[in-house]
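Below is one structure; the comments refer to it alone.
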Amino acid sequence: MLLREVVEHAIEKLASAGIQNPQVDVELLVGHVLKLSRGQVQSALIADARIDDENLKNLNDLFGRRYAREPLQHLTGVAYFRQLALEVGPGVFIPRPETESVVQLAIDALLADSSSEPIAVDLGTGSGAIALAMHTEVAKAKVFAVEKSPEAFGYTANNFAKYPGAELRLGDLADSFNDLEGSVSVVVSNPPYIPAAMVPIDPEVHLFDPALALYGGADGLDVIRIVSVTAKRLLREGGTLVIEHADSQSAQVSELLLADGWRQVKAHKDLTDRYRSVSAIK
């Protein structure tokens, strides 16, 4: 059977399920099964390449799962974040493109730090995306991270092993890193911040992302309040806190941090011009 025919049918099927970029998803799934880059898949389509029965069966299985709105990253087992290829799957939060802007704030603060080995801490690291971005992009930094979920931790540990040198701990961000108190230059967190009653529309999120990584209590700010307290305990004087939040929460988070005694509280926009993070100085 011609691969082109398989791809055309799959694109129509995924589009009918409401998937926004069905061609991208189909080509990436074909590449995953055939072990080809997306460019190589497109070349194979132009060349009228054929597909054998075994690979066709595997592909149709993946197309069916994607049609049911299982995340693409669960099907391929990989999420790309900045320069990283992270192992992901059921039980771990899939890192989002908008978080790349958040981690840039933390990286900039580390690069501007005058110490020879500034310490950075990622509270609630999930897949390890933020921590490992800091670790791989700021050579002088010593990076620590904590994750609470045992289900996520296996993926996280594998990612830390793939990019060795940062330190990962299993635990609650509320009482972690007592040994680092007052010595940290940068604390960053992408905590759960969705209000409990506001279930996300996308099935990929509300059916497959872990609830522990999504919901932050009645107003969505419960974990952010804890992050503020923990960061105050960990940071040295003049250290930087960076927190991601929902695009509707900028004023609330800023007010919360000011009430907690943080200085130079500043809201930041992401690449889509939405306020998605706040930074502050201890």
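The values are calculated or read from the model by the stated rules, or taken from the named source; none is laboratory data. Just so we're clear, the structure is a prediction, and the values are computed from it rather than from any experiment. All Cβ positions, glycine included, derive from the backbone under ideal geometry; neighbour counts span all protein chains shown.
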Exercise. Can you name the condition, by its number, that Glu70 falls short on among (1) crowded, with 18+ Cβ neighbours inside 10 Å; (2) touching a residue at least 60 places away in the same chain (Cβ under 8 Å)?
Worked result: (1)
For this session: Kindly list, by first and then second residue, each pair from a residue in the stretch 25-48 that is over 21 Å from Gln73 (Cβ atoms) to a residue that is among the β-branched types (Val, Ile, Thr) and part of a helix (DSSP H, G or I), limited to pairs with Cβ atoms under 7 Å and residues at least 6 apart or on different chains.
Result: Leu45/Val7
Exercise. Somewhere in the stretch 41-53, is a residue under 21 Å from Asp179 (Cα atoms), small (Gly, Ala, Ser) and either at pLDDT 95 or above or loosely packed, with under 15 Cβ neighbours inside 10 Å (or both)?
Worked result: no
For this session: For residues that are within 23 Å of Pro203 (Cβ to Cβ) and without any contact (Cβ under 8 Å) to a residue 12 or more places away in the chain, scanning just the stretch 1-15, find the one that is surrounded by the most Cβ atoms within 10 Å (Cβ to Cβ).
Result: Ala15
For this session: Please work out if Tyr155 is in contact with a His (Cβ under 7 Å, 6 or more places away or on another chain), farther than 24 Å from Lys232 by Cβ and in contact (Cβ under 8 Å) with a residue 60 or more places away in the chain.
Result: no
Seminar exercise, completed: Considering only strands (runs of 3 or more DSSP E) wholly within the stretch 130-248, the ones with at least 2 residues that are crowded, with 16+ Cβ neighbours inside 10 Å and of a type in the set (Gly, Ala, Ser) are 184-189
For this session: Please work out which residue is surrounded by the most Cβ atoms within 10 Å (Cβ to Cβ), limiting yourself to the stretch 258-282 and to residues that are hydroxyl-bearing (Ser, Thr, Tyr) and modelled with pLDDT of 95 or more.
Result: Ser277
Problem set entry | Those residues of the stretch 190-238 which are in contact with a Ser or Thr (Cβ under 6 Å, 6 or more places away or on another chain) and either among the small types (Gly, Ala, Ser) or within 18 Å of Gln252 (Cβ to Cβ) (or both), in sequence order | Asn190, Val227
Exercise. Only one residue in Pro90, Pro118, Pro95 is at pLDDT 95 or above and out of contact with any Phe, Trp or Tyr (no Cβ under 8 Å at 6 or more places or on another chain), so which one is that?
Worked result: Pro118
Exercise. Can you tell me which of Leu36, Leu75 is of a type in the set (A, V, I, L, M), part of a helix (DSSP H, G or I) and surrounded by 15 or more Cβ atoms within 10 Å (Cβ to Cβ)?
Worked result: Leu75
Exercise. Hey, does the stretch 274-282 have a residue that's polar (S, T, N, Q), touching a His at 6+ places or on another chain (Cβ under 6 Å) and closer than 22 Å to Met198 by Cα?
Worked result: yes
Exercise. Can you tell me how many residues in the stretch 105-116 are surrounded by fewer than 19 Cβ atoms within 10 Å (Cβ to Cβ) and free of Cβ contacts under 8 Å to residues at least 40 places away in the same chain?
Worked result: 5
For this session: State whether one or more residues within the stretch 259-277 are farther than 18 Å from Glu100 by Cα and in contact (Cβ under 8 Å) with a residue 40 or more places away in the chain.
Result: no
